[in-house]
Structures are given as structure tokens and as C-alpha cells.
Amino acid sequence: RNCIQCLAQPTEAQEKVLKPALVCSLFPNVPPTIYFSTRDERVEKLPWEQRKLLRWKMCAVTPNIVKQTVGRSHFRVSKKSSDWLGCWGHHMKSPSFRAIREHQKLNHFPGSFQIGRKDRLWRNLLKMQARCGKKEFNFFPQSFILPQDIKLLRKAWEEGASRQKWIVKPPASARGIGIQVIHKWSQLPKRRPLLVQRYLHKPYLIGGKKFDLRIYVYVTCYDPLRVYLFKDGLVRFASCKYSSSMKSLSNKFVHLTNYSVNKKNTEYKSNSDETACQGHKWALKALWSYLTQKGVNSEAIWEKIKDIVIKTIIASEPYVNSLVKMYVRRPYCCHELFGFDIMLDENLKPWILEVNISPSLHSNSPLDVSIKGQMIRDLLNLAGFILPSTDSVASRPQTRSGSTCSALKEKPKPASEHFIAEKMKKAYYLTQKIPDQDFYSSVLDILTPDDVRILVETEDEYSRRGQFERVFPTHISMRYLRFFEQPRYFNILVTQWELKYCLNKRKGLELLKNWCVKGYHTGAGTDLAQTWSLPKSFFLQKNSIQSNGFSKLELGRLG
């Protein structure tokens, strides 16, 4: 598989380090993943039989930084509609995800617009606030969606102070298009629909200017949920000094921080040094250094941002998981990069402004190239692209409806002992009325083949994270499980795994390697009764579970 650590040791005369084309798994019997390099590396060429499978579907919106990164790994542009392995393109309507084959990866999840559209984001966060309380969901400004909320907005407007400000945004626009700050009811645009938010009129200022943070958030899977934050990002400044004067409200260079708006200002200054605190765009790491020098605890701000990101992603979770199960062949087929826009107020409290499902990856400066180039390279390695078999690529794509029809004609096969035991275990952990930590921790006592598969995926993925930081699951993720609309078995499993092995990763990895040798991750182990057995309590629960209203069919859907 050409999984070697390095083909050649670089000499001083060599400009680029030669890297292997494939990255070995941490575990036996698990296929390697394709390696994506930085600009100062070269990637070895695979034999032609494997290399010919490296095809990427290019779209009008595929960023150059993605094209360059996949090109360094010897991907070629796919000229057919079905022989590609990866695609970085537009978001699609949910039913269109049916066309993605099992070995293909698209950079979107169905339903991610539930946080990517401004109106849906605020509706879902308001829903979470109503269900979980304002104390946990107090990181977004008061928002109204017109025309539905016009009466509520009028009431809030009349109850507010005389010099209040509101920001008006089209719900599905980007790059600052159509945004304006108003202070009179008569200034409210007649065009609908609109999102109207209370303006954050006391932002934290640097050099007298307001700014926001572009945080890159990457989700590899929704069940179990796996969320990563890139450790660097962008700080985007307004190009004119901030003023609270009503006369300044029409000046977008004062009140908006979008690069696409401020680059039009003749006073806009670019920044080519990712370590420098200069110009109207900084690296996120440069901001943390600046604040630290001012005596600010930047690590505490980062922790609050992580909390906001996790809760916001959870707000989209029920919609995305439902659509993935309905339209996507396997979880491998989807992954997504989100651009979170965060603003700090005068007390350095972070507020979420919006979430972008296609964050700009245009690289207009050395600063952009450095940050976005490293981020995309790490993201594609984290995604875990696997070389498919030649047969799977050559086979004709089959729609879900087609495969369902053919399956209906065949006699249903009896469920295997493995399958029944796994379903019973999931039901056991999802139907407890008042679960506690002691109860949840027992989920690791006996691991099913499905458990091992998920844990192997999770640990392998973590080992490829580069400069990404995983924020869910972690050893503190149990506190977030109560925010999920529906409990998920695999979320319980991975959070308990992190809690148990976060301080002793080596021990956890050794356990998984032993299970992989037995073939559990593929379900290819020896007889179930001889290798492991579920405790009697799992099966004693069967009657009580079904008496609580769960049919056999519903048990099959649990988890």
C-alpha cells in the first residue's frame, strides 16, 4: 500500500521534502488514507492502477487553494460525472445527495443550511434557548425574522431606549450585501424577508476600530458528532474608526467588518505578515498575542468560543442527522467546513453573528495563503479519503430507490446474533429515564463490533488532525449531551471513551488494536457467544423497553 514513513531523507540541496502518498492507520486491518501536502512538500506517485483512481470533481466554485492542494497529491480533474473521489462545490438540495456513491465525499451535509441561513440559525438558537434556558444560550443578540415577527419587533422597539440601533440583514446573502444599521422605524426596508437584530453597539475596539473573528469549524460526522476548530483564523477590521453617532450609521466602513466591503475603501491596508498586528486583517494567533500582552486571558475567550461553536452545531444536529439517514448512503460521504463569525463586546464576551456554509477560501494575500492553505491541507487529511477498489468505481451507480426495490423482491434474511445484540445494547442505553455517570460508564464494559468500528474511526481521525483542535467529543463533553434533542448512542460511547482514556491514550489505543486483530471492527470476529456476551440485564430490559411503547421496528431505529 506504499505506506512508508518517508521515501527519501531531504538534503540541503532539496527544496521539498518527499512524502508518502498514503498514511497508515493506527490499527491493523484498516485501510490507509490519501496524504495531502503543504507547499514545501512533494508527494510520491502511486502505481498507475491506484493513481488513475485519484479524480476530483471540479466546480465553478472550487477554490484555487483546494485545486492546488489536491493537485499536489496527483489528483486529476474528473471528466465524467460519476468517477470522482472528492468534490468541493455548491450545497445541494437534500434529495440530490442520493447520487453520491459510497466511495465519494462532498464538502456539505444535507440540512446544514439550518445554521447557514441567517433566519434558520436564529430560529434554531431561539428554540434551543427556550428548551435549555437563557443561561446556556445567551451568546446571540435579540433577533426577529420579518414578516413573521413584525409585531414582536415593534413591541421590542417601543420598549427600547430612544437611541437604540438595529442591524438589518437579508436572510440568505453574504459578503455584507444588503446589510444596514438603522435607528428609526421608518428606515426599516419594506422588502421582505429580513432578519433584524439588536445592534452590538459597544464592541471591543483595537486602535479605535471594531473587528470580528472568522473561526474555521470542521465537522467530519454528525453521528457520532465530531467537531474540530482550526487553531488559527482571521481577524477582520472595519477600515474606519468606530463611532456611536447616529450620523455614522450609513458609513459601512465604520460598522461592517466584511473584507469584501472594506477593501473598497481607499484607506484599507493589507497585511502580509501573519505574526504582525498591522493593517485591517490579522491572523487570529496575532490577536491572541496582542491581547495577552494587554493582560487579557485569551485562553478563556477561546474556551467560550468553543462552547458557542458546540452548542450552535448541536442546534443543527436533529435536522442534519434525519436527512443524512434519509438521503446519504454512508456517513463517509459528507463533511463540512463552516465559517463562524464572532464579535467581542467591550467586556470581551464573544457573540455569534452568523455561520457560513461556504466560507470564502479566496487567498488575496500571503496572510490568506498561509492560513487557508494550511487549514485546507489539514482538513483534507482529517477527512480521510480512502482509495476505493477498481470494481466499486467501475460499477454503475445505483439509486437508493433502485436498491430498495430489488431488496423487496428478495426474502428478508434473519438478523444475525451480532446485529440483534448491538440493537439491544443501544436500546438499553437510550431508554433509561434518569441515567447517571456510573450507568453511562458501563457502556465501555463490553464493546460490540459496531462500537469498535466507531472508536477506531474516531481515534484514527484524531491522529490526522494537524492544526485542528477537536472540541467534541472531549473528556468534558458529557455536559453537552443534555442539549441534544434526541440522545444518540454513539455520542454516549465516544464521550465515555474520552473520559476514560483522555489521560492514557496509549492504553485505549492498545485495547482497540487488540479488537482490530480479532476482526471486530468489520464484524468478522469469531462466534459471538465465544468471544463476548451482553450482560443479562440487557436482555432483562427487553420486556420493559417494549412495554414502554417501543416496537421491534422502533428498536431497530434506535441509536
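Brief remarks follow.
- For segment 91-106, a residue qualifies if it is assigned to a helix (DSSP H, G or I) and either among the small types (Gly, Ala, Ser) or touching a Pro at 6+ places or on another chain (Cβ under 8 Å) (or both), and the qualifying residues are SER94, SER96, PHE97, ALA99.
- Among the residues making up segment 446-471, none is part of a helix (DSSP H, G or I), within 14 Å of the chain's Cα centre (by Cα) and among the basic types (Lys, Arg).
- Condition check for ALA283: of a type in the set (Gly, Ala, Ser), buried (at least 18 other Cβ atoms within 10 Å of the Cβ), touching an Asp or Glu at 6+ places or on another chain (Cβ under 6 Å) and within 22 Å of LYS372 (Cα to Cα): yes
- Applying the condition of being open to solvent by 10 Å² or more (accessible area, probe 1.4 Å) and of a type in the set (S, T, N, Q) to segment 286-314 and asking which residue is farthest from ALA130 (Cα to Cα) yields GLN293.
- Pair list, Cβ under 7 Å, 6 or more apart: segment 19-39 residue assigned by the TED database to the domain that holds LYS67, other residue open to solvent by less than 10 Å² (accessible area, probe 1.4 Å) and among the aromatic types (Phe, Trp, Tyr): THR33/PHE385; ILE34/PHE385
- Only a single criterion out of (1) modelled with pLDDT of 95 or more; (2) crowded, with 20+ Cβ neighbours inside 10 Å; (3) over 22 Å from GLU469 (Cβ atoms) is not satisfied by GLU317, namely (3).
- Here SER250 qualifies as surrounded by fewer than 20 Cβ atoms within 10 Å (Cβ to Cβ), small (Gly, Ala, Ser) and touching a residue at least 12 places away in the same chain (Cβ under 8 Å).
Matching residues to (1) open to solvent by 50 Å² or more (accessible area, probe 1.4 Å); (2) among the polar types (S, T, N, Q); (3) modelled with pLDDT of 95 or more:
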{"residue": "GLU12", "(1), (2), (3)": "yes, no, no"}
{"residue": "GLU15", "(1), (2), (3)": "yes, no, no"}
{"residue": "GLU44", "(1), (2), (3)": "no, no, yes"}
{"residue": "LEU54", "(1), (2), (3)": "no, no, yes"}
{"residue": "LYS80", "(1), (2), (3)": "yes, no, no"}
{"residue": "ASP83", "(1), (2), (3)": "no, no, no"}
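The values are calculated or read from the model by the stated rules, or taken from the named source; none is laboratory data. Quick caveat: nothing in here was measured; it's all calculated off a predicted structure. Cβ atoms come from the backbone with ideal geometry, glycine included; neighbour counts cover every protein chain shown. What goes into the accessible areas is simple: the full protein's heavy atoms, side chains included, and nothing from ligands, DNA or RNA. Shrake-Rupley method; radii C 1.70, N 1.55, O 1.52, S 1.80 Å.
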